[in-house]
Amino acid sequence: MPEERMNTEADWVLKAMVAIAASDGRLDTREVGLIQQIYERQTGRRLTATDIADAAKANAEGDVLAQFTAASTVLDKAAKEEIIRSAYLVLLADNKISGEERKKLKDIALALDIQEIHFGTILENLALSLEGDKG
């Protein structure tokens, strides 16, 4: 059972990462590579570029924010935080943060019922962690 739960959470992480990466109208190679790394680190499973393209297509065909809103009732706090952290890492992949990407991340956080103050704390803690990795 815990593995099924992890896979479900990983699927939500994938959905968020792809939504962020595609929010500026394209998925570039760096974003695809980072999505693959994060997903493998979390699940132990590898994704192909085709898997990611399929996820992007599925996102485009549905109402992603409505799906996150529905999932917010079954995902725990830790899962929601991991979704935001992973999506934010993808947002940083191309060293440019577009307005569309920033808005999509914030919209996903709201759909997951993450309060703005908590959202800011998640991003701040991640930024500090990334700074610590550089030092």
Notebook entry, point to check: So which lysines can residue 96 reach, going by Cα to Cα under 21 Å and dropping same-chain residues fewer than 8 places off?
Noted result: 15, 104, 106, 134
Check: Charges only on Cβ, +1 for Lys and Arg, -1 for Asp and Glu: so what's the dipole of region 2-134 about the Cα centre, in debye to the nearest 20?
Finding: 200
Next item on the list: Determine the calculated [θ] at 222 nm for the chain from helices alone, applying -39500 (n - 2.57) to every DSSP H run no shorter than 4 residues and normalising by the residue count; nearest 500 deg cm²/dmol.
Entry: -25000 deg cm²/dmol
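What is the magnitude of the charge dipole of region 31-80 about its Cα centre, with +1 placed on the Cβ of each Lys and Arg, -1 on the Cβ of each Asp and Glu, and no other charges, expressed in debye to the nearest 20?
Working: 6 positive and 7 negative charges, 49 e Å.
Dipole of region 31-80, to the nearest 20 debye: 240 debye.
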Check: What's log10 of I(q)/I(0) for the chain at q = 0.12, 0.20 Å⁻¹, Debye sum over Cα points only, no solvent?
Finding: -0.42, -1.27
Next item on the list: Using +1 at the Cβ of each Lys and Arg and -1 at the Cβ of each Asp and Glu in region 2-134, identify which of 35, 65, 12 lies farthest towards the dipole's positive end.
Entry: 35
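Every number in this text was worked out from the coordinates using simple rules, so none of it is lab data. This structure is a prediction, so every number in the text was calculated from the model and none was measured. Note that each Cβ is placed from the backbone with ideal geometry, even for glycine, and that neighbours are counted across all protein chains shown.
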